[in-house]
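Notes to accompany the following structure.
The values are calculated or read from the model by the stated rules, or taken from the named source; none is laboratory data. A quick note: this is a predicted structure, and the numbers were derived from the prediction, not measured. Positions of Cβ are generated from backbone atoms using ideal geometry, with glycine treated the same way; all protein chains shown enter the neighbour counts. Each accessible area value is taken on the protein alone, full model and side chains, heavy atoms only, with ligands, DNA and RNA left out. Shrake-Rupley method; radii C 1.70, N 1.55, O 1.52, S 1.80 Å.
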Amino acid sequence: MTLPKCDPRDILADNPADIPARLSRRQCLGLIAASTLPASALSGCALVNTESPYWATVAAVGGVGGGSPVTREQADALPYASILAWLEDSSKAFMVLGEIGGNGAHYYYSQTRQVLVTRGPFLVQTVGLPGDLSRTRFVDDKVPDLRRLAGQEWVRFIDIQAAGLFDLAVRGRWTDLGEETVTILDRPHRLSHLREQVEIAGMKPFENHYWIDPQTGFCWKSRQHIHDRTGAVNIEVTKPAG
């Protein structure tokens with residue numbers, strides 16, 4: 001995954017015109033959408049101090065390359081939870097959990113300051129992707145248990161600020177495709193594979209996929225689109241939080 005080298009301090013700038021000229025247009029692809037990320041997402045001092053132990057860990061381990069940028073041993077040894085993330089046509093990026101929000105949102109940061117935010121199995125906000133996902137709203141602010149969604153329809157709402165799209169209803173119809181063995185960094189997991197057939201008004205239908213532990217409902221792997229014109233974002237949990 002090609003990651004724009006945007007500093008979190010620039011993302012938090014009150015006025016985009018104040019962003020230093022050292023950031024090129026290409027480096028800041030998606031920065032307009034990124035500016036909507038709540039300040040709380042990047043509020044921890046460790047996340048803006050590049051000399052902190054947190055950033056030292058990310059920089060030391062979080063290289064980007066073909067295949068996996070880390071080994072199973074490296075991921076297990078880190079003091080932080082972590083994921084691998086990549087687009088369909090790009091290499092894998094190693095991302096480390098930097099903060100857990102009050103609503104349970106997990107903020108994962110890459111070596112080059114890209115941000116993916118998840119709540120449960122769902123990708124709910126991004127920084128640094130084309131067509132960034134600005135916000136996701138759940139009915140009653142509740143994240144569903146995917147084990148109970150098979151055969152049902154479930155709706156959530158999203159904003160894509162860069163495209164001027166707000167409160168779009170994402171209607172997903174869920175199907176249980178059975179169990180599969182999924183290997184993440186040489187460690188096999190026996191998981192239930194769920195397909196979400198998605199419809200958004202004015203867009204072409206598309207599919208998301210989730211692989212969850214059938215006993216706990218924990219999502220170890222997913223393949224999710226932000227909308228119909230973006231490639232899928234693949235996420236694998238290399239070390240879960242907690």
Open item on the list: Of all residues being part of a strand (DSSP E or B) and of a type in the set (D, E, K, R) in segment 97-122, which is least open to solvent (accessible area, probe 1.4 Å)? Just the residue, please.
Closed with: 119
Open item on the list: Checking residue 180 against (1) within 26 Å of residue 128 (Cα to Cα); (2) part of a strand (DSSP E or B), only one condition comes out false. Which one?
Closed with: (1)
Open item on the list: I need every pair where a residue in segment 198-225 that is free of Cβ contacts under 8 Å to residues at least 40 places away in the same chain has its Cβ under 6 Å from the Cβ of a residue that is assigned to a strand (DSSP E or B) and exposed (fewer than 15 other Cβ atoms within 10 Å of the Cβ), sequence separation at least 6 or different chains.
Closed with: 207/197
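One line per residue, one yes/no per condition, for (1) touching a strand residue (DSSP E or B) at 6+ places or on another chain (Cβ under 6 Å); (2) open to solvent by 20 Å² or more (accessible area, probe 1.4 Å):
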| residue | (1), (2) |
| --- | --- |
| 141 | no, yes |
| 148 | no, yes |
| 164 | no, yes |
| 171 | yes, yes |
| 179 | yes, yes |
| 191 | yes, no |
| 222 | yes, no |
| 229 | no, yes |
| 232 | yes, no |
Task: Top-ranked residue in segment 67-92 [being modelled with pLDDT of 90 or more and in contact with a Phe, Trp or Tyr (Cβ under 7 Å, 6 or more places away or on another chain); ranked as surrounded by the most Cβ atoms within 10 Å (Cβ to Cβ)] - done: 83
Open item on the list: Name the residue that is modelled with the lowest pLDDT, counting only residues in segment 123-138 that are outside any loop (DSSP other than H, G, I, E, B) and open to solvent by less than 70 Å² (accessible area, probe 1.4 Å).
Closed with: 127
